[in-house]
1. Going through the range 116-134 one residue at a time, which ones are in contact with a helix residue (DSSP H, G or I) (Cβ under 8 Å, 6 or more places away or on another chain) and in a helix (DSSP H, G or I)?
2. If you go through the range 49-61, how many residues are among the charged types (D, E, K, R) and either part of a loop (DSSP other than H, G, I, E, B) or touching a residue at least 60 places away in the same chain (Cβ under 8 Å) (or both)?
3. If you scan the range 154-177, which residues turn out to be part of a helix (DSSP H, G or I), touching a residue at least 40 places away in the same chain (Cβ under 8 Å) and not polar (S, T, N, Q)?
4. Residues that are closer than 25 Å to SER81 by Cβ and hydroxyl-bearing (Ser, Thr, Tyr): does the range 165-176 have at least one?
5. Return a yes/no flag: does the range 57-66 have any residue that is under 30 Å from TYR180 (Cα atoms) and in contact with a helix residue (DSSP H, G or I) (Cβ under 9 Å, 6 or more places away or on another chain).
6. Is there any pair with a first residue in the range 27-48 that is outside any helix (DSSP H, G or I) and a second that is exposed (fewer than 13 other Cβ atoms within 10 Å of the Cβ) whose Cβ atoms are under 7 Å apart and which are 6 or more apart or on different chains, and what are they?
7. Here is a check on your reading of the model: is GLU69 surrounded by fewer than 16 Cβ atoms within 10 Å (Cβ to Cβ), under 20 Å from VAL158 (Cβ atoms) and either touching an Asp or Glu at 6+ places or on another chain (Cβ under 6 Å) or not hydrophobic (A, V, I, L, M, F, W, C) (or both)?
Amino acid sequence: MDMTSTPKRTDRLGPEEWTKAALAAIADKGTANVSVERLARELGATKGSFYWHFKDRPALIEAALQRWERDFTDRIIERLSDIADPRERFRNLLESAFENHPGVLIDANLLAAADDPPVGAALERVARKRLAFVDRIFAELGAAGGSDRAILAFSAYVGLAQLRRTAPDLVPTGGRTKPYIDHAVVWLLGD
């Protein structure tokens with residue numbers, strides 16, 4: 001799902017277009033970047049269109065957080081749950097963390113706004129879902145210290161998201177990605 005650019009008005013805008021535009025703004029510069037006036041201008045819409053669908057900016061932020069959770073947590077967990085082999089499921093999870101999608105940037109930018117109560121609540125809910133998914137993988141593998149290793153793996157993901165935001169040149173890319181993932185699987189799961 002491409003959320004790196006905001007949709008241009010071609011027809012009547014619905015709440016999905018507004019939330020997609022809000023997520024693109026969050027991926028770009030965080031929640032402070034979500035301005036009703038700017039989004040309306042980018043979408044070729046009026047503020048009246050916005051208020052037809054949302055009570056106010058906090059309602060848009062909440063809808064965007066729900067979409068982020070659904071698209072970048074729930075759907076990924078659903079897709080990966082179909083992989084029977086837990087080791088392969090974990091590898092695919094790591095690979096998804098290195099994909100160039102806006103979810104990683106949204107994660108990092110939301111972390112910067114974690115003290116905002118709705119953002120903090122969404123981050124905690126998503127962290128619990130993601131950690132439970134990783135923990136189940138470690139349990140299926142019978143990995144020693146499974147829950148602790150799951151926390152370590154999840155913490156590495158959060159750190160990777162922050163690196164993408166603050167020092168993207170430090171994140172393994174291109175030909176460095178596969179060897180890094182190979183090592184990470186061994187480091188976190190053992191041989």
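The values are calculated or read from the model by the stated rules, or taken from the named source; none is laboratory data. Predicted model only: the values in this text are computed from it and were never measured. Glycine also receives a Cβ, built like all others from the backbone with ideal geometry; neighbour counts cover every protein chain displayed.
1. The answer is PRO118, VAL119, ALA122, LEU123, ARG125, VAL126, ALA127, LYS129, ARG130, LEU131, PHE133, VAL134.
2. 2
3. Those that are part of a helix (DSSP H, G or I), touching a residue at least 40 places away in the same chain (Cβ under 8 Å) and not polar (S, T, N, Q): TYR157, VAL158, LEU160, ALA161, ARG164, ARG165.
4. no
5. No, the conditions are met nowhere in the range 57-66.
6. Sorted first by the residue in the range 27-48, then by its partner, the pairs are GLY44/LYS8.
7. no
Residue-by-condition table, conditions (1) within 29 Å of THR177 (Cβ to Cβ); (2) in contact with a helix residue (DSSP H, G or I) (Cβ under 9 Å, 6 or more places away or on another chain); (3) of a type in the set (D, E, K, R); (4) modelled with pLDDT of 90 or more:
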site	(1), (2), (3), (4)
ALA24	yes, yes, no, yes
ALA27	yes, yes, no, yes
SER49	no, yes, no, yes
ILE77	yes, yes, no, yes
VAL104	yes, yes, no, no
